[in-house]
Each structure stands twice: as structure tokens, then as C-alpha cells.
Amino acid sequence: MNKFFIMMGHTYRNRVKSKSFLITTIITVLIIFGLTNLQQIINSFSSDEEEKTVAMIAENEEWIESIKQQMGANQEVAVEAYSGSLEEAKESVEAGEFQSVTVLEEAENGLPQADYYANQVANTGTSEPIRQALQQLKVQIITERANVNDEVLQQISAPVAFELNALEESAKTAEELNQTRGLVYVMLFFMYFAVMMYGNMISTEVATEKSSRVMEILISSVSPVNQMFAKIIGIALVGLTQYGIFILVGYLGIQQSKNSGSGSLLESFGLTNVDPLTVVYALVFFVLGYLLYATLAATLGSLVSRLEDAQQIVAPMMMLVIAAFLISMYGLAQPDAAFITISSYFPFFAPLTMFLRVGMLDIPIWEVLLSIGILIGSIALLAFLGARIYRGGVLMYGKSSSLKDLKTALQLSKKEK
């Protein structure tokens, strides 16, 4: 057992000290800190921008005044009546005196229409408020012609009252679904990137040791089974360290965002009031999903002895992860779909799809326990088969990147006994 912990610690220290780990952690920390303070960063840049002034040419001055009133709430765009010609206004825009120029004309039906001129029309930050104000002016003119008073117009434009109510007493409310959806989003991305990153890390760890012939020394002192699980747990500790740093930085960034008054990222994702049981399920399925894919990655990694071959042989596993991720993203809109229910009992999809169902639906506890049982059974079976394949795979050298080598590895494992 002492040798097991030595190998586990060796795997952990090597990965934590590696340049790839440090660079990835630093870049991700910067991204997380930037996202948690995104609104504050945007405001800091926006505060330096001057108010954008739009020159407006129209024969009907009442239209300009009406648009000014409607644009009063917009502090970024100001409208100014322009008395010169259109060509003079265009020259002023090119000189930087105005952001743009808008020409209002009366169409054949008596309604306003406009032509908008600016140096660049890719940025709709100025043109869209003008278009909306012109649309409101058009509605105002039509309602006046139809003798529709303002009260009736407000009732027409007011949103309809539409409330979601579940008949089943145990069903989740719309508010609870919105709160859980944010956690499901986070869980899906965490699980996806964890398997993609650390699964590759485990397979390349085995391939690296084989390419340097270190494996020949290791198998003479430590059993291959201990080697496999030492690497799996060692990489898991690397993942916990990295994600621990990410969570700490995210928490500090959110606290700073709260203190600055620019809003909380937790509120954006709806994570302010999540059911603790849902968080427990998230941790359970995350751990089980990692163990399942990590065992598979270690088994596949033992079949190759070159890093370039390791990327190729784990490709089928990555396709499973991508498929599970895509199915789960679709299931966010239809969590009660039949294929979501079926996939939640398939071990390689269950960590994501069953957690999706647990978070979004009110399902019987036996379904959750059945899925967890299938996952644990699959991990045990894969660990048993993986240990035998690993025992023979670590003895295989040369160019090998085919899944047909599983048979050869099993034969070698019997001889190694």
C-alpha cells in the first residue's frame, strides 16, 4: 500500500509542477476573474466614451421633437436637428462632428421613413435606438389617425399575463427550474471539460512512462493494477487542486463584483437559491462520471507507447463524451423526452443525462438509485477488465493504436500471472 501512495504522489507532483498545468491554470483563472467582473470591465470602458450625437434632417420638426422625447431615456445617443444640407451633414460625420445623420421623409401613405448614414454601419448601437424611436413614432401616427387613445394603446402593447402552473404537487415550479437550470449548465460544462482534459492526461501519463521504458522498472516492484488506480486517483487530485483554485477565484471575483455594485454572476445563472440535494447529486454524478471515464482512459492509454498514438486511441472515448454533452444540452429544453430518459441509464451518458433529469424533473428516487447502481456496476466491471488489459497493455511496445490490441493485452495479462 505504501508503494501505491508513492506512485500516486509522484503522479500528482509531476502534473502539478508541469508547465501545461501552470499555464492552463493561470489562463483559466484570468478568464474566470474576467467573467465574474465582466459588467464592471464593460462599464469602465463605456464610461470613457462620449455621448454619440446623431444629426437629423426632416421637414416636419414635430417628428424630430417626438423622437427626441422617445430617446430621452437613452443616455448614450442624442438627437440634434440639423438645418444644413445632406451633403454638409455627411461631411460633418466624416469629420467626426456627428456619429451619423438620419434623413426623415414622408412616404406616400403619410408615414415617416428614414435613411441612415454613418461611416460604418456594422455597429448597431446607434442605429437601433433611432430605428426603435422611429417605429414608435409610426405607431403613434397610425393610432392618432384611428382615434385610438393612449390607454388602449398601452393595453395593446402590454405583455400578456402567462403563468406556468404544475398540476402535480411534487413537480418543480418555473422558478425552481430556472434556479436549477443554471447549476445544470455549470455541471455539464465542468463534466465535459474534466473528462476531456484529465482523461487525456491519464492516457498520456501511461504512454509517456512506456515510451521512456520506466514501465519495465515499475512493473517489477508495483502491480499493474496498483499503477492504474494510483494514476487515476493522482490525476483526480490534480483535478481537485485545479478546480479548487478555479472555485476560489470565482468566489473572490463574485464577491468583488457584489461589492462594486455591478451584479453577481450567481444571479445571472440563477444559482442564488439552489436545492442542496441537487448539489449533492451534482457531486455524486461528477465523481462517478470521472471514475468511469478515467478508468477507460487508463486502459486505453496502456495499449500505446507513443504520445501521438495516445490521442488517437482515446478518440472513441471523446466521442462518447461529446455525444453525452450534446444530448444533455438538447435535454435542457426537453428533459422529459423519451431518448433523454433512455440515455440516463446508459453508463457513459448517465453522469450528465440523469443529473439533468434529477435537476429539471421530479423523478422517483428508485430511478436515480438504479442509474447510480448501473454506474457503479459499470465502473467495477470496467475496472476489472481494465486491470487485466492494463496488466498486459503495459508490456506492449511498438506502434500500436488499434483497439484490436485489447485481445493481445488480455493474452499477455494471462502470461504475466
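Here the calculated FRET efficiency for Ile342 and Thr24, from their Cβ-Cβ distance with R0 = 30 Å, stands at 0.25, rounded to the nearest 0.05. Here the label points at Ala81 and Leu326, each 7 Å from Cα along the C-beta direction, are separated by 5.9 nm in the simple model. In this structure, the amide hydrogen of Thr53, modeled 1.01 Å from its nitrogen in the peptide plane, lies closer than 5 angstrom to those of Ala78, Gln99, counting only residues at least 5 positions away or on a different chain.
Taking only protein heavy atoms into account and a 1.4 Å probe, give the accessible area per residue of segment 63-113 in Å².
Values: 3040 Å² over 51 residues.
Value for segment 63-113: 60 Å² per residue.
Karplus-derived 3J(HN,Hα) values for segment 319-334, using 6.51 cos²θ - 1.76 cosθ + 1.60 with θ = phi - 60°, are 5, 5, 5, 4, 4, 4, 5, 5, 4, 5, 5, 5, x, 4, 8, 9 Hz; glycine and proline are entered as x. Need one number: nm distance between label points at Tyr243 and Met197, each 7 Å from Cα along Cα→Cβ, rounded to one decimal. In this crude label model, Tyr243 to Met197 measures out at 1.0 nm. Restricting segment 77-157 to GluC sites (Glu not before Pro) that sit in a DSSP loop and have at most 14 other Cβ atoms within 10 Å of their own Cβ leaves Glu97, Glu108.
How much length, in nm to one decimal, is gained on full extension between Gln113 and Val16, taken as 0.36 nm per residue of separation minus their Cα-Cα distance? Intermediate results must be reported in sequence, preceding the final value.
Values: separation 97, 0.36 × 97 = 34.92 nm, distance 6.37 nm.
Gain on stretching Gln113 to Val16: 28.5 nm.
The values are calculated or read from the model by the stated rules, or taken from the named source; none is laboratory data. If you're wondering where the values come from, they're calculated on a predicted model, not measured in any experiment. Reconstructed Cβ throughout: ideal geometry from the backbone, glycine too, with neighbour counts over all protein chains shown. These area figures cover heavy atoms from the full protein model, side chains too; ligands, DNA and RNA do not enter into them. Shrake-Rupley method; radii C 1.70, N 1.55, O 1.52, S 1.80 Å.
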